[in-house]
Every structure is written in C-alpha cells, then in structure tokens.
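The values are calculated or read from the model by the stated rules, or taken from the named source; none is laboratory data. Quick caveat, the model's predicted, so the values are computed rather than measured. Methodologically, a virtual Cβ is constructed for each residue, glycine included, from the backbone with ideal geometry; neighbour enumeration extends over all protein chains shown. Only protein heavy atoms, including side chains, enter the accessible area calculation; ligands, DNA and RNA are left aside. Shrake-Rupley method; radii C 1.70, N 1.55, O 1.52, S 1.80 Å.
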Protein chains: 2
Amino acid sequence: MINHHRSVKVLRRGDLARLTGCNLETIRYYENIGVMPEPPRSSKNYRVYDDRHVARLRFIMRARELGFTLDEVRDLLALVDGGAQTCGEVQGLANSHLASIRAKIDDLKRIERVLSSTVAQCTGDDVPECPVIDALTEVT
Amino acid sequence: MINHHRSVKVLRRGDLARLTGCNLETIRYYENIGVMPEPPRSSKNYRVYDDRHVARLRFIMRARELGFTLDEVRDLLALVDGGAQTCGEVQGLANSHLASIRAKIDDLKRIERVLSSTVAQCTGDDVPECPVIDALTEVT
DNA sequence: CTTGAGCCTGTACCTGCTACAGACCCTAGA
DNA sequence: TCTAGGGTCTGTAGCAGGTACAGGCTCAAG
C-alpha cells in the first residue's frame, strides 16, 4: 500500500460534502446514527476527514442508491469492517434486500393495474360522474 | 330509556376503528391533519360519529391503499366536497399519481437489475472477495 | 478592521402513522 | 354501594431518513 508523502490536504465537512455530493447535514446525521465514524477534530473543533472517510461515505451512498436501509448499510459495514466478511454473508444480505425490493415492485404494480384500469374508464368530461370516485366510494 | 331503542346507534372512536379496520389513533391523527372532519362531541366530550364518517374514513383508506399521499387525498376530498367535481379533474389527479407510481416502479426495477446482476456474480463461498462489496467500493 | 463564508451545536420540521401516560367516564358484577 | 375493567380524552414521543434553521465561533480576503 502506497502512502502518499505529498502534503495531504485536510478535508472538512464541506469538502467531504462536495467530493461526494452528499448533503452537508446528512454527514453529521450519519455520524450521529453511527454509520460514519466520528472523525478526529482540529484544534478549533472542526471535523477532519481523509480519503477513507470519502470512500466510506461513497460506499454508504451507493448502498442507499441501491435501496439498502441504513440498518442494512450498518450490517454491510460491520461485515466489511470485521475484515473477515465472506462473499456468502454479503450475498445473504443482498438477497434478502432483493426480495424486499421485488415485493415493493409487486405492490406498486398491483396498485398501478387497479388505478390505471379505473382511470381508463373515465370520460374525462365536465361531468360529476367519475369511475375513480366511484371506486373510492364503493360499498363493499 | 329515551334513546335506547333508536335504530341509529351512536358511534364512538373505537366503533369507527372496528367498522373500518383503521387504527384507533390514526383516526385522531386524520382529524388533526384535517382529512377527517371534527365530529360533534357528547356531553362528556366523546367524539360522536355517524355513517358519513364511516364512509369518509373508508374513502381515505382506499385512496391510501392505492398509494395516494395524504395531500392527494385532501385534494380528492376537496373536489368531492366541493360538490361540483368533474371526472376530468379527478382524472387529472389520478393520472399524475399514476405517473409517480410508474416512476417508482422504474426506479425499483433499475435497482433490482443492478443488484441482481451483481449478486449473480457472487460465488457465495467462504471467501472475502465479493462482487457486491466491490460494486459498493468501486472507484468511479 | 470588517465582511462573508464556513463550521460548531442543538433542535425543529417533514410524512404517516403508532403508542404511551395520566386523567376522566361508564358499566357490570359482587 | 363499591370496584374492576374497559373505553375515551389530551398531549407528547418515537420510527425512518433525512433537511434546515438559529446562534455562536473561527478564519481568510479586501
């Protein structure tokens, strides 16, 4: 591993936000809930970040983009931090997450079917009769 | 003795909850945020509901099941309450809701594609190398 | 020396509920 | 009649997953 001996620029919270595209306040939030580590502080109590913080935040953000909850992100990070994470363990988490994504898709598709077939019956006219309202008002 | 044999039974909050399947506290919440009207009160300050409240709550619950946000529900109710709602107006709300459902489905499908194709590369073995972790760690 | 930007903390707000505490009220059984 | 148990009332706090202030420090440029 290469240790860069050129002068390392100190990253502050705003720098980290800019480098990752993460919201400034969200970084503090992630620290509070324990997915980002507490960084060292400068003499004036400013948070001081380095490359590893950038990498970790990117990891978190990618996992969030893939729909992992912050709890799941914590699990993934715990595995990675444990150093001895196995492909099997990670695969397990990813698969169960995948299952819940598929369940959500199915839910939304069902909703989409019902709603679109109802809307399809609308005349769209200036009349008070409306199949959508009927469906919502329906006595079943 | 006076009201005892009347056919119109007075509904209290718990009755409304049972009749609709709505959570007891949610009813009060809906009142607070203004999607359920403030009902009259009994002499002992108990909320008193009738059939129209049952119908309204069912309307709200059906709209929620179809994924309408409470803001959208408020809009639908305003149209219905306005008395002069037209099929065109309702159709407009439903269509824009439909568009956001479809957008969510597309999002989730994209996520599902990425994640499932990544997981498919996992060996699932007891080894530390894992395509999922690689994807999350990847320097782009 | 001032001005503006950045950072610090704590806290409130958002959606859509759910749950609890502590006070009343009501009814049935002993 | 008393009492135990339900029900109801209010306000408030909590969940996820952030976002956005206010009020106070600190720092660099002009």
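Some observations on this one:
- Hey, A:V54 touching a Leu at 6+ places or on another chain (Cβ under 7 Å), in contact (Cβ under 8 Å) with a residue 12 or more places away in the chain and open to solvent by less than 30 Å² (accessible area, probe 1.4 Å) or not: yes
- Residue in the stretch B:79-89 that is more than 8 Å from chain A (Cβ to nearest Cβ) and within 16 Å of DNA strand C (Cβ to nearest atom) present: no
- Checking A:V80, A:V8, A:V73, A:V35 one by one, the residue that is at negative phi, within 14 Å of DNA strand D (Cβ to nearest atom) and either modelled with pLDDT under 95 or assigned to a loop (DSSP other than H, G, I, E, B) (or both) is A:V35 and no other.
- Taking each residue of the stretch B:13-29 that is within 14 Å of chain A (Cβ to nearest Cβ) and looking for partners that are aliphatic (A, V, I, L, M) and more than 7 Å from DNA strand C (Cβ to nearest atom) with beta-carbon atoms closer than 8 Å, six or more apart or interchain, yields B:L19/B:L11; B:L19/B:V54; B:T20/B:V54; B:T20/B:L57; B:T20/B:M61; B:G21/B:M61.
- Residue count for the stretch B:20-32, restricted to those that are in a helix (DSSP H, G or I) and either more than 8 Å from DNA strand C (Cβ to nearest atom) or not charged (D, E, K, R) (or both): 8
- One residue stands out in the stretch B:126-136 among those that are within 7 Å of another protein chain (Cβ to nearest Cβ) and open to solvent by 80 Å² or more (accessible area, probe 1.4 Å): the one that is farthest from A:R64 (Cα to Cα), namely B:D126.
- Criterion violated by A:V35 - all others in (1) open to solvent by 30 Å² or more (accessible area, probe 1.4 Å); (2) touching a residue at least 40 places away in the same chain (Cβ under 8 Å) satisfied: (1)
- Selected residue [among the basic types (K, R), more than 10 Å from chain B (Cβ to nearest Cβ) and in a helix (DSSP H, G or I)] from A:R52, A:R56, A:R102, A:R62: A:R52
- Meets criteria (of a type outside the set (D, E, K, R), more than 14 Å from the chain's Cα centre (by Cα) and within 22 Å of A:R110 (Cα to Cα)) for B:L19: no
- Lone unmet requirement of (1) more than 7 Å from every other protein chain (Cβ to nearest Cβ); (2) without any contact (Cβ under 8 Å) to a residue 40 or more places away in the chain; (3) under 24 Å from the mean Cα position of the chain (by Cα); (4) surrounded by 12 or more Cβ atoms within 10 Å (Cβ to Cβ) for B:R74: (2)
- So A:C122, is it outside any helix (DSSP H, G or I), in contact with a Cys (Cβ under 6 Å, 6 or more places away or on another chain) and crowded, with 17+ Cβ neighbours inside 10 Å: yes
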